[in-house]
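Chemist: Please see the structure below; I have some questions.
Here, each number is a calculation from the coordinates, and none is a lab measurement. Note that the structure is a prediction, hence the values are computed from the model and not measured. FYI the Cβ positions are ideal-geometry reconstructions off the backbone, even for glycines, and counts take in every protein chain you see.
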Amino acid sequence: MKIGVVVSEGPYTHQAADSAYNFVRAALAAGHEVPRVFFYHDGVNVSTRLSVPPQDERNIQENWTALAAEHGTDLVVCIAAAQRRGLLDANEAKRQGKDADNIAEGFRISGLGQLIEMAIQTDRLVMFGD
Amino acid sequence: MSEDVKKFLYVNRKAPYGTIYALEALEVVLIGAAFDQDVSLAFLDDGVFQLTSGQDTAAIGVKNFSPTFRALGDYEVTRLYVERESLEERGLSAEDLQEITYEDEDDDWAEKPSIRVVSREEMAAIMAEQDVILSF
């Protein structure tokens, strides 16, 4: 089965990003396909490469980056939600005249159309939120 | 309708202000309208406050986005289901909601109300027949 996943809460404050990660790992292990994960609302904060959690805690961003590298999962960060919250890739930083960018490897910034397209093209859509 | 058309339901459960869920949900609806899917919106719990008339946000310094709901008809989003029990539990009735209409192309472009107040039981049935439910 093809499964699309949405993460709609921020890391560490909410468990959504962890639960989604565990779900995707389990779904892939069971032979399902997860072509894309879409990060929305505060979920976009998962994609910053500048978070530095204590060393004895899981690193949520690194977990997702590793998953994308292993399985080619398309990790899409909503551009409108990201810009509100200070998440920029190099192109957007340049375009907006900002002096830094912070999107981690494995994530890409794109539009909400990617969420709708995912919902159309998958058999199930699973949202992880509050 | 082609076989590619899915039934999308956007479920709005949160008050319009205080959190960003309502505004960002509406942004998804507007973008999603370009994909020619079968779209409905549901309003339940505090989400019913999103449709109340006479919203004035000047004192809290955030944008009043409630007029945007009246534009949904132009995007062919013509079904806004509002749960009756959620209204009643909050001391509201259909009269407290803004007037939202669409022009029915199958009926000589007659202007019709987009808001349909439904019971909790009917809302459950509406949810059961969807392909995709996005919950905000």
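Chemist: Sort B:26, A:28, A:87 so that the residue with the fewest other Cβ atoms within 10 Å of its own Cβ comes first and the one with the most comes last.
Modeler: The order, fewest Cβ neighbours first, is A:28, B:26, A:87.
Chemist: Can you tally the net charge around residue B:123? Count Lys and Arg as +1, Asp and Glu as -1, for every other residue whose Cβ sits under 13 Å from the Cβ of residue B:123.
Modeler: Once positives and negatives cancel, what remains is -1.
Chemist: For peptide A:112-124, how many partner chain Cβ atoms fall within 10 Å of a residue's Cβ, on average?
Modeler: Mean partner shielding for this stretch: 5.
Chemist: For chain B, report the convex hull volume of the alpha-carbon atoms normalised per residue, in Å³, without decimals.
Modeler: In chain B, the Cα hull volume divided by residue count equals 110 Å³.
Chemist: Can you spot the lysines whose alpha carbon is less than 16 Å from residue B:6's alpha carbon? Ignore those fewer than 8 places along the same chain.
Modeler: Within the straight-line limit of under 16 Å, residue B:6 reaches these lysines: A:2.
Chemist: Right, something else. How tilted is helix B:21-32 with respect to the longest principal axis of chain B? Cα atoms for both, answer in degrees (0 to 90, nearest 10).
Modeler: 20 degrees
Chemist: Now for a different question. Among the trypsin sites (Lys or Arg not before Pro) in the range B:38-131, which ones are in a DSSP loop with at most 15 other Cβ atoms within 10 Å of the Cβ? Mind listing them?
Modeler: The qualifying sites are B:63, B:90.
Chemist: For the range A:1-96, state which trypsin sites (Lys or Arg not before Pro) are in a DSSP loop and have at most 16 other beta carbons lying within 10 Å of their beta carbon.
Modeler: Here the trypsin sites (Lys or Arg not before Pro) that fit, given the DSSP loop and packing criteria, are A:49, A:58.
Chemist: Running Debye on the protein assembly as shown with equal point scatterers at the Cα sites and no solvent, what base-10 log of I(q)/I(0) appears at q = 0.11, 0.13, 0.16 Å⁻¹?
Modeler: Values returned for q = 0.11, 0.13, 0.16 Å⁻¹ are -0.67, -0.91, -1.26.
Chemist: Once you charge only the Cβ atoms, +1 for Lys and Arg and -1 for Asp and Glu, what is the size of the charge dipole of the protein assembly as shown about its Cα centre, to the nearest 20 debye?
Modeler: The calculated dipole for the protein assembly as shown is roughly 1060 debye.
Chemist: Right, here's the next one. Can you say what percent of the DSSP beta bridges in the range A:3-128, counting only those with both residues inside, are antiparallel? Round to 5.
Modeler: 5 percent
Chemist: Working from Cα positions, state the angle (0 to 90°, nearest 10) between the long axis of helix A:60-71 and the longest principal axis of chain A.
Modeler: Between the helix axis and the principal axis of chain A, the angle is about 60 degrees.
Chemist: About the Cα centre of chain A, what is the dipole size in debye to 20, counting +1 per Lys and Arg Cβ and -1 per Asp and Glu Cβ, all else neutral?
Modeler: Charge dipole, chain A, about its Cα centre: 300 debye, nearest 20.
Chemist: While we're looking at this one, here's another question. Report, to the nearest 10°, how far helix A:16-29 tilts away from the longest principal axis of the Cα atoms in chain A, using its own Cα long axis and a range of 0 to 90°.
Modeler: 40 degrees
Chemist: Semi-axes of the equivalent ellipsoid of chain A: what are they in whole Å, largest first, if each equals the square root of 5 times a C-alpha gyration tensor eigenvalue?
Modeler: 23, 18, 13
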